[in-house]
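What follows is a short report on a single structure.
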Amino acid sequence: MSQDTIESILQEKRLFQPPAEFSEKAQIKSLEEYKQLYDRAKADPQAFWGELAEKELHWFQKWDTVLDWQPPFAKWFVNGKINISYNCLDRHLTTWRKNKAALIWEGEPGDSRTLTYSQLHREVCQMANAIKKLGVQKGDRVGIYMPMIPEAAIAMLACARIGAIHSVVFGGFSAEALRDRLNDGQAKLVITADGGFRKDAIVGLKEQVDKALANGAAPSVTDVLVIQRTKQQIHMEAGRDRWWHDLQKEASADCPAEPMDSEDMLFILYTSGSTGKPKGVVHTTGGYNLYSHITTKWIFDLQDTDVYWCTADVGWITGHSYIVYGHLSNGATTLMYEGAPRNSNPGCFWDVIEKYGVNIFYTAPTAIRSFMKMGEHHPKARNLSSLRLLGTVGEPINPEAWMWYHRIIGNSKCPIVDTWWQTETGGIMITPLPGAIATKPGSATLPFPGIVADVVDQDGATVTNESGGYLVIKHPWPGMMRTLYGDPDRFRRTYWEYLRPKNGDYLYFAGDGAHKDKDGYFWVMGRVDDVISVAGHRLGTMEIESALVSHPAVAEAAVVGKPDEIKGEEIVAFVTLDSAYTSSPQLEKELKQHVVSEIGAIARPGEIRFTDALPKTRSGKIMRRLLRSLAAGQEVTGDTSTLEDRTVLDKLRGGA
Ligand code: PRX
């Protein structure tokens, strides 16, 4: 981000106070109330989290100690026994919520389904019994590769119910990416569907699973459970694949939730880092349950009659925490939508809001920017008056998009919660509490109570005078990742030893750059590592480079992000070819397609630039800074004296 942009952001003068009528009824009603919570949590975190855990959740057995912190490894609610599926379902059945809508689902072709808490409980128990029968036991890993249908949530809850560890893989990932994740987690079972509807096409999910498992390439997987969604013809492997509707007929709806240790693994979710293969972020049961629950309650300001809709996919952390677990744990009504805005139906989101009277709407800045482009006549043609709160997540929101969201979707009356967090943090970390904290367009505002955030320099020292630095978290919190699956060393190195202050403290390094303004508001600027964000999807440049070099034509590849008006960033790949190949538009197409089949459509490069050589330092490091400037069509500024061969830069400038 340029210095100009930073300065203009820090001069943002617009301040939006929470509307009085909103604050009156809100969970957290004033800045004073927020400050009290914040100060209490900071002064005595164990008492703060312990009291909330006791008040908000059901425990089969209470913990002995709230926090056992052996940096960088934390245990929360030590020896407590809990089950998140019980908290999301069973405990609501003895209340008026029994017949409340838990999940409202709108399918892409216009079909729909509503499951009450008791109906959802029934289906989860049935699926839990069915997968038990397939041999899945407590501690086993289960891959979930699904379209956005209720069974995706049912599968997650069914795993949690019996203590199996789920690993949801976004349905847009390719067979190769799925296979890597199944192998890393040594999954025993895969739960999938015959296919899914995406935009105006059918995607063959089961086909991808077949490819991932072909020739014994994922040997840990012994069974595949298939949900019928699209009804196209698919291959069913005898002895391995079973239809859910067959097993459901015989499955009992009685399946008591297994009391889990608070620190038992709940799920693994893979995310991209700056180096190496995707990382399996591990979340455990008790702390994650509490953190997703309480952040949902206070940030989305849940009221009993609300219909809440988050447009994320369950394949991402947002779908885990804020479609499934956080909302069901609170007994809320959560809406799931299979579709996506597209040219043939640009107003479909607004139709869903009108149809179900959605009150709380949570989406990504990239989606907002594309709505702006499609035109305000689409939302204006629908009745959106049910909305009372809006949210954004996934990337920094530019003030222009924030203002449009506020005016056009929120009718200038809905507070906006710009929520900063990550797969690793389990839940939202920096955010307005909508009845309490005044907002500034583009700022995620203040840390959630219990979260000690700061902006520091390379030595881990707090930066002053609003100058930028690294965003860090200074104290453990219940929703934090516990480790990287099978790689505790990488966990320690990547997140906790990147920045070490002189006093030896451990700081959690998020990978983001940020500024703090004079009011203490945080402005998250984006990643400072080699991770790019394309339409809010986080991708490691190295992952894409590895995909490219696995093609026989490619000798070397360097991938950078280029600013994009809608998607935030677009992927640009600089590629040198093996001497047996020459560049051509056909090869460019082929390489793009190769990345899609290695990773998935989200990683398709926008542009491939063929070159004779890449700019490197004398020690052989690719100078990405130069490539970023070139990709963005900017002048290359700053020091280029370390370049090994200066002619490379001239050639690249010339478009060689
Ligand atoms: O760079 C930050 C950006 O998304 C990253 C986390 O990506 P992921 O683990 O895929 O989770 C996305 C959904 C929680 C962060 O390191 N990010 C997320 N939310 C914001 C954000 N950047 C700025 N503002 C946000 N509100």
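Observations, loosely collected:
- Cys125, sole failed condition from (1) within 30 Å of Asp180 (Cα to Cα); (2) over 26 Å from the mean Cα position of the chain (by Cα); (3) not in a helix (DSSP H, G or I): (3)
- The residues in segment 535-558 that are within 16 Å of Ala601 (Cβ to Cβ) and open to solvent by less than 10 Å² (accessible area, probe 1.4 Å) can be counted, and the count is 4.
- Inspection of segment 509-532 finds no residue satisfying the criterion of being of a type in the set (Ser, Thr, Tyr) and out of contact with any Lys or Arg (no Cβ under 7 Å at 6 or more places or on another chain).
- Test: residue in segment 604-618 that is touching a residue at least 40 places away in the same chain (Cβ under 8 Å), under 25 Å from Lys373 (Cβ atoms) and open to solvent by 40 Å² or more (accessible area, probe 1.4 Å): yes
- Note on segment 403-428: among residues that are among the aliphatic types (A, V, I, L, M) and open to solvent by 10 Å² or more (accessible area, probe 1.4 Å), the one that is farthest from the ligand (Cβ to nearest atom) is Ile408.
- Residue under evaluation Tyr521, criteria (1) within 22 Å of Thr366 (Cα to Cα); (2) within 16 Å of the ligand (Cβ to nearest atom), criterion not met: (1)
- Any chance Lys589 is basic (Lys, Arg), under 30 Å from the mean Cα position of the chain (by Cα) and open to solvent by 60 Å² or more (accessible area, probe 1.4 Å): yes
Here's the yes/no breakdown for (1) within 19 Å of Gly280 (Cα to Cα); (2) open to solvent by less than 10 Å² (accessible area, probe 1.4 Å); (3) without any contact (Cβ under 8 Å) to a residue 12 or more places away in the chain:
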site	(1), (2), (3)
Thr464	no, no, yes
Ser467	no, no, no
Ile473	no, yes, no
Met480	yes, yes, no
Leu484	yes, yes, no
Asp487	yes, no, no
Phe491	yes, yes, no
Trp496	yes, yes, no
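- Scan of segment 185-203 for residues that are in contact (Cβ under 8 Å) with a residue 12 or more places away in the chain, more than 21 Å from Gly135 (Cβ to Cβ) and either in contact with an Asp or Glu (Cβ under 6 Å, 6 or more places away or on another chain) or open to solvent by 20 Å² or more (accessible area, probe 1.4 Å) (or both), ordered by number: Phe197, Arg198, Lys199, Asp200, Ile202, Val203
- Exactly one residue out of Gly286, Gly315, Gly347, Gly319 is within 22 Å of the chain's Cα centre (by Cα) and more than 16 Å from the ligand (Cβ to nearest atom), and it is Gly286.
- Of the helices (runs of 4 or more DSSP H) lying entirely inside segment 1-112, those carrying at least 2 residues that are at pLDDT 95 or above and farther than 24 Å from Lys516 by Cα are 20-25, 45-56.
- Test: residue in segment 521-530 that is within 19 Å of the chain's Cα centre (by Cα), open to solvent by less than 10 Å² (accessible area, probe 1.4 Å) and among the aromatic types (Phe, Trp, Tyr): no
- Every condition in (1) more than 26 Å from Pro19 (Cβ to Cβ); (2) within 12 Å of the ligand (Cβ to nearest atom) holds for Thr431 except the one numbered (1).
- Residues located in segment 363-399, provided they are away from the ligand (no atom under 15 Å from the Cβ) and part of a helix (DSSP H, G or I): Ser370, Phe371, Met372, Lys373, Met374, His377, His378, Pro379, Lys380
Residue-wise test of (1) in a loop (DSSP other than H, G, I, E, B); (2) farther than 28 Å from Asp530 by Cβ; (3) out of contact with any Ser or Thr (no Cβ under 7 Å at 6 or more places or on another chain); (4) at pLDDT below 95.
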site	(1), (2), (3), (4)
Gly280	no, no, yes, no
Ser292	no, yes, no, no
Asp301	yes, yes, yes, no
Thr318	no, no, yes, no
Ser321	no, no, no, no
Gly326	no, yes, no, no
Thr334	no, yes, yes, no
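- Scanning segment 19-46 for residues that are under 19 Å from Ile416 (Cα atoms), aliphatic (A, V, I, L, M) and without any contact (Cβ under 8 Å) to a residue 12 or more places away in the chain turns up just one, Ala20.
- When the criteria are applied in full, Ser597 meets the requirement of being under 30 Å from Ile368 (Cα atoms), touching an Asp or Glu at 6+ places or on another chain (Cβ under 8 Å) and away from the ligand (no atom under 16 Å from the Cβ).
- Checking each residue in segment 337-351 for being touching a helix residue (DSSP H, G or I) at 6+ places or on another chain (Cβ under 6 Å) and surrounded by 18 or more Cβ atoms within 10 Å (Cβ to Cβ) picks out Tyr337, Gly339, Pro341, Gly347, Trp350.
- Residue selected from segment 253-271 under the condition open to solvent by less than 10 Å² (accessible area, probe 1.4 Å) and part of a loop (DSSP other than H, G, I, E, B), by the criterion nearest to the ligand (Cβ to nearest atom): Ser262
For (1) touching an Asp or Glu at 6+ places or on another chain (Cβ under 8 Å); (2) more than 22 Å from Gln303 (Cα to Cα), each residue gets a yes or a no:
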| position | (1), (2) |
| --- | --- |
| Glu338 | yes, yes |
| Gly347 | no, yes |
| Phe361 | no, no |
| Ile368 | no, yes |
| Asn383 | yes, no |
| Leu390 | no, no |
| Tyr405 | no, yes |
| Val417 | no, no |
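- Criterion applied to Ile154, Ile144 was being open to solvent by less than 10 Å² (accessible area, probe 1.4 Å) and in contact with a strand residue (DSSP E or B) (Cβ under 7 Å, 6 or more places away or on another chain), and the one residue passing it is Ile144.
Per-residue answers, yes or no, for (1) among the hydroxyl-bearing types (Ser, Thr, Tyr); (2) more than 18 Å from the chain's Cα centre (by Cα); (3) closer than 27 Å to His293 by Cβ:
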{"residue": "Asn383", "(1), (2), (3)": "no, yes, no"}
{"residue": "Arg388", "(1), (2), (3)": "no, yes, yes"}
{"residue": "Trp402", "(1), (2), (3)": "no, yes, no"}
{"residue": "Gly426", "(1), (2), (3)": "no, no, yes"}
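- Scanning segment 307-331 for residues that are open to solvent by 10 Å² or more (accessible area, probe 1.4 Å) and more than 27 Å from Ile566 (Cα to Cα) returns Val307, Asn330.
- Candidate set from segment 436-461 (those that are more than 20 Å from Tyr506 (Cα to Cα) and assigned to a strand (DSSP E or B)); member that is farthest from the ligand (Cβ to nearest atom): Thr439
The values are calculated or read from the model by the stated rules, or taken from the named source; none is laboratory data. Every value quoted in this text rests on a predicted model; they were computed, and no experiment measured them. Using ideal geometry, Cβ is built from the backbone for each residue, glycine included, and neighbour counts are taken over all protein chains shown. SASA here: full protein model, heavy atoms, side chains in, ligands and nucleic acids out. Shrake-Rupley method; radii C 1.70, N 1.55, O 1.52, S 1.80 Å.
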